[in-house]
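To start, the structure under review is shown below, and the notes come after it.
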Amino acid sequence: MSENPTPEIIEPVAPAPKVRAGKISSRHIEHYVAPLAETPLQSVDKVDETAEPLSMWAQAWRSLRIQPLFIISALLIILVILVAVFPGLFAKADPTFCKLDFARQGPSAGHPLGYTFQGCDIYARVIYGAKASVLVGLFTTIAVLIVGGTFGALAGYYGGWLDAVLARITDIFFALPLILGAIIIMQLPAFRENKSIWTVIITLAIFGWPQMARITRGAVIEAKSADYVMASRSLGLSKFKTLVKHVVPNSLAPIIVIATISLGIYIVAEATLSFLGLGLPPSIMSWGNDIANAQISLRNNPAILMWPALALSVTVLSFIMLGDAVRDALDPKSRKG
Amino acid sequence: MSKLLKGPSVNRPSDEDRPLLEIRDLAITFSTPEGPVHAVRNGRLTVMPGETVAIVGESGSGKSTTALAAIGLLPGNGKVTGGQIIFDGEDITHPTEERIVALRGSSIGMVPQDPMSNLNPVWKIGFQVKETLKANGLAGNNSKERVAQVLAEAGLPDAATRAGQYPHEFSGGMRQRALIAIGLACRPRLLIADEPTSALDVTVQQQILDHLDTMTSELGTAVVLITHDLGLAAERAEKIVVMYKGQVVESGPALEILRNPVHPYTQRLVAAAPSLASKRLQSQPTEVAEEINAVVKVEHEIVDEDILQVKDLTKVFKIRRGLGRSDDFTAVDNVSFSVKRGTTTAIVGESGSGKSTVAQMVLNLLKPTSGSITFDGQVMTDRTENQLFKFRRRVQPIFQDPYGSLDPMYSIFRTIEEPLRIHGIGDAKSRQSRVKELLEHVSMPSSTMHRFPNELSGGQRQRIAIARALALKPEVIICDEAVSALDVLVQAQILNLLNKLQEELNLTYLFITHDLAVVRQIADDVCVMEHGRIVEHSTTDEVFNNPQSEYTKNLLRAIPGATLML
């Protein structure tokens, strides 16, 4: 780099009294006027009446429905739900009809995926196992939304001691690993003796709501400082009604995204608990139970384990993909205004 | 001002008659998911050495885009699709990356718009200035002194110490000075200043522009000043270029454009510029309105009483300073004023003067620490819920940010209907006709009611906010910077609307603003606030023609272009 040039010092002229009469150039400046035909004058701030009115949700739906990610995940989810509701339409074989004669046999006519260690039809079991997973995922999400959403909204909106208490409670739950916590709860006598889908849902909801509460709280805090909330308050709307009518609807976007993604995660959690023998009782067909039972034949017949595991992965993946697609559509930064 | 350093660039031989920057038939296109958008067409601009040229236009007119193209800083999806940009005889329409980087800083400097976000918060100010010097090979051995000198030139007091501070320790005006120092650090021959003072208070704006003027004229720097304010442009530039919808509609000598605008758009702009207007708006009442008006006038003269009286109002905020300790901050200090029915009282002040806090207390959204507010003869402090609910019907606010004051989930119909529903007025059918009537009041087509706020422009949203405020037939409307966020023409339109509504409905306005120019157009009485206190309270004419306090005089002097139309 070259040596810094020695700066030349200019003595500033004594500051002339500022006459702010505009500057007049000594040069000739052309006065150009564009022909009016080129830029026709439009009336100031006219309302565009031609476009179809669209609400925010309608706009989000428009951008969502053309996204490949959304189309694929939505089709998969519809398929999973159909399978869960009408398993009989998809599998003719009886999943509970198991004959040791067929144990570990390969695919045959009418039994495309072969048989388990116990001689049950794998295809039928995968189809009938969907119901438990979808039910657990759906009801856990609903429970988490109700509990976490309510607490989060109230804490975020009213603040103060309610917020402080909630923050500490969620901290405690965050410090407990889900699986460890679930093992303990599922070992409680009341739960151990009444193992069913509902005990799993309750356990997962206990550990799921704090996350939802935090997300809701954040969204509500952001929405409550908006001017339209102040406008409604000064119209005379009560504080609680403002929360219900303005703040909550405007906080929904991140909540919907998290709920969709969590639904997939709860399905995995159920399968994990069932795999560990803590979740659904063996009498209920579920992917987690089937994966656990297939463990022993993993080395000789990995296919027995692979099929329920594949069904589980595809289901969870499609919910997470849906969540991503919805997030893109609802992201306020990607939308104008 | 201290001694100025003369940089190497000024010594370069240059032809006085050759334009420094010439833009011919520039076309810029942005590719968006909805197809190409032609942001600029027929951009034409000539900047002679040492000349100040102002580009004036409303938001979205393409004024910033044109200037950014000259230093190759168009956003990723923008492209120059036609025309030529010539800098000092060199064609830089499609420059190589290397060449444009070499030009930036040393030949073409830039002062960005927003002082709050354009300094990196994790580096000291001095470091950020040094960065610029280094990038252009001017740091040398005595870089520390050089940095201090550059900052001192930009009018930053105690520059050597200040250079060791972080941006958050600077006020908005000081940050803008630092940005100007960075822009001019390498003695560029052309400085592009993109709305350099739009985010600042008028008095600070005046100081900074004065300083920029002195510096650039001493250094012989040409300036392209981008602004939305025609008065400011006319005062600071030799030449004005007016842009509208991506096209240059008129350009020429500043004063001539101001006094003899030829293009209809420029004429409109000159007519609407608040800083150039000199008197209170008078609307032409229609015949019906005149009848109502006559009736109201009679009533008005009989009950010429104060509808709102504020006495010794004080608000102290506690600012937490860690555990258990807190400092008192007096935002509003012993403020008293009164508002007569059917008139407009403006509260003017710069940011932090406490004017919005007064508005919130009058609206009963914030509890005063002491003092009283009397509305229509009733003291408002310690009101019951029920009284408060009735009060809400009679006093309504309009807020500053048109993008924030409407619930994005509510259709326009629901938004305007909400107050009627809350107060249980009418049935579904009568409410619908009332909404239609209100939309008509604010000159919006009734088909708007099926739309949503995100489909409307800022000015249109502000009209909806006005319609909502009017729904309950209030007597007092409190406008908190209600037109500050709008473009000049839209602002003029809204002010006219407010004025028309006042005459038709005998409304009383409490108008909170930082802009004295707007005050002259709308207010009958003015309170000037400084640091939480009222320093002057008088009629508008009195304040403008015969200001008493030094602060008011400063504010008046700072209105750009105020003296140019005479």
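FYI, it's all coordinate maths here, none of it is from the lab. Quick caveat: nothing in here was measured; it's all calculated off a predicted structure. Cβ sites come from the backbone with ideal geometry, for glycine too, and all protein chains shown count toward neighbours.
For chain A, modelled as a GNM whose springs connect Cα atoms under 10 angstrom apart, the maximal fluctuation among A:GLN295, A:GLN42, A:GLN118 occurs at A:GLN42.
Once you compute Rg and the Kirkwood Rh from C-alpha atoms, what is the Rg to Rh ratio for the range B:382-436? Present the calculation step by step, with values, prior to reporting the outcome.
On the way: Rg = 13.2 Å, Rh = 12.9 Å.
Taking Rh as the inverse mean 1/r over Cα pairs, Rg/Rh reads 1.02.
Counting only Cβ charges, +1 for Lys and Arg and -1 for Asp and Glu, the dipole size of the protein assembly as shown around its Cα centre is about 2700 debye. In units of the rule-of-thumb radius 2.2 N^0.38 Å, the protein assembly as shown shows an alpha carbon radius of gyration of 1.17.
For the range A:85-241, count all C-alpha to C-alpha pairs, find those more than 18 Å apart, and express that count as a whole percent of the total. Can you show the working numbers first?
Values: 8716 of 12246 pairs.
I get 71 percent for the Cα pairs in the range A:85-241 exceeding 18 Å.
Seen from B:LYS436, the other residues with C-beta closer than 12 Å to its C-beta sum to a net charge of 0, counting Lys and Arg as +1 and Asp and Glu as -1. Taking the longest Cα principal axis of chain A as reference, the axis of helix A:160-175 is set at about 50 degrees.
With the helix formula -39500 (n - 2.57) applied to DSSP H stretches of n ≥ 4, chain B reaches a computed 222 nm mean residue ellipticity of -11000 deg cm²/dmol.
Candidates A:THR199, B:ALA254, B:VAL395 compared by Cα position along the dipole of the protein assembly as shown: farthest toward the positive end lies A:THR199, with charges placed on Cβ.
Take the Kirkwood radius over Cα pairs of the range A:194-288, plug it into Stokes-Einstein at 25 °C and 0.890 mPa s, and you get 157 µm²/s for translational diffusion.
Per Stokes-Einstein, at 37 °C and 0.692 mPa s, what whole-number D in µm² s⁻¹ belongs to the range A:129-199, with the Kirkwood radius over Cα pairs as the hydrodynamic radius?
Numbers: Rh = 14.3 Å.
Calculated translational D: 229 µm²/s.
Here the range A:36-92 is assigned +1 on the Cβ of each Lys and Arg and -1 on the Cβ of each Asp and Glu. Its dipole about the Cα centre then comes out at about 600 debye. Applying 1/(1 + (r/R0)^6) with R0 = 35 Å to the Cβ-Cβ distance of B:ASP17 and B:ASP114 gives a FRET efficiency near 0.45.
For the range A:206-314, the list of trypsin sites (Lys or Arg not before Pro) that fall in a loop by DSSP and count at most 10 other C-beta atoms within 10 angstrom reads A:ARG299.
When DSSP beta bridges are restricted to pairs lying wholly in the protein assembly as shown, around 60% turn out antiparallel. Would you be so kind as to identify which of A:PRO210, A:TYR266, A:SER283 lies farthest towards the positive end of the dipole of the range A:189-286, taking Lys and Arg as +1 and Asp and Glu as -1 on Cβ and the Cα centre as origin? It is A:PRO210, whose Cα lies furthest towards the positive end.
In the range A:19-87, the ratio of gyration radius to Kirkwood radius, Rg to Rh, stands at 1.49 when only Cα atoms are counted. Histogrammed with a bin width of 5 Å, the alpha carbon distances of the range A:57-132 distribute as 3, 16, 18, 16, 12, 11, 8, 6, 5, 4, 2, 0 percent, first bin at zero. Pop a pseudo-label 7 angstrom from the Cα along the beta-carbon direction at both A:LEU54 and B:VAL262 and give the gap in nm to one decimal. Output for this residue pair reads 4.2 nm. At full extension, A:ILE142 and A:PHE86 could sit 18.0 nm farther apart than now, given 0.36 nm per residue minus the alpha carbon distance. On the principal axes of its alpha carbon atoms, the range B:11-125 extends 48, 42, 30 Å, with the longest extent given first. Between the residues B:THR66, B:LEU138, B:ALA148, the greatest Cα displacement towards the positive end of the dipole of the range B:55-167, with unit charges on the Cβ of Lys, Arg, Asp and Glu, is found for B:ALA148.
Work out, step by step, the length gained on full extension between B:GLN548 and B:THR161: first 0.36 nm times the residue separation, then minus their alpha carbon distance; give nm to one decimal. Each step should come with its number before you reach the end.
On the way: separation 387, 0.36 × 387 = 139.32 nm, distance 3.74 nm.
In short, 135.6 nm is gained.
Rounded to a whole number of µm²/s, how large is the Stokes-Einstein D of the range B:161-279 at 4 °C and 1.567 mPa s, given Rh as the Kirkwood radius over C-alpha pairs?
Values: Rh = 15.8 Å.
Estimated diffusion coefficient is 82 µm²/s.
When you restrict to C-alpha pairs under 8 Å that are six or more residues apart and normalise by the size of chain A, the relative contact order lands at 20 percent. For the range A:200-337, relative contact order (Cα pairs under 8 Å, six or more residues apart, normalised by length) works out to 24 percent. Remark on the range A:258-299: ratio of C-alpha radius of gyration to 2.2 N^0.38 Å is 1.26. Volume per residue for chain A equals 390 cubic angstrom (convex hull of Cα atoms). Springs between Cα atoms under 10 Å define the GNM used for chain A, and in it the highest mean-square fluctuation of A:MET230, A:MET186, A:MET212 occurs at A:MET230. Can you grab the distance from the C-alpha centre of the range B:478-523 to the C-alpha centre of the range A:269-318, Å, no decimals? If we compute the Cα centre of each part, the gap is 69 Å.
Between A:SER55, A:SER238, A:SER43, the GNM of chain A built on Cα springs shorter than 10 angstrom shows A:SER43 fluctuating the most.
Please find the FRET efficiency linking B:ARG99 to B:SER59, where r is the Cβ-Cβ separation and R0 is fixed at 25 Å, and quote it to the nearest 0.05. Write down the numbers at each step before the final one.
Numbers: r = 31 Å, r/R0 = 1.25.
Efficiency, rounded to the nearest 0.05: 0.20.
Using a 10 Å Cβ count of at most 10 others and DSSP loop calls, identify the longest part of chain A lacking such GluC sites (Glu not before Pro). It runs A:194-337.
Counted by Cβ distance under 13 Å from B:VAL242, the other residues give a net charge of +1, where Lys and Arg count +1 and Asp and Glu count -1. Each of A:PHE174 and B:ASP312 was given a label point 7 Å from its Cα along the Cα-to-Cβ line. The distance between the two points is 4.9 nm.
Can you tell me the relative contact order of chain B? Whole percent, Cα pairs under 8 Å, sequence separation 6 or more. Can you show the working numbers first?
Numbers: 1092 pairs, mean separation 85.7, N = 566.
Over chain B, the number comes to 15 percent.
Pairwise Cα distances in chain B exceed 40 Å for 33 percent of all pairs. The charge dipole of the range B:162-285, taken about its Cα centre with unit charges on the Cβ atoms of Lys, Arg (+1), Asp and Glu (-1) only, comes to about 160 debye. Applying a 4.7 Å cutoff between beta carbons, the unpaired cysteines of the protein assembly as shown are B:CYS186, B:CYS479, B:CYS527.
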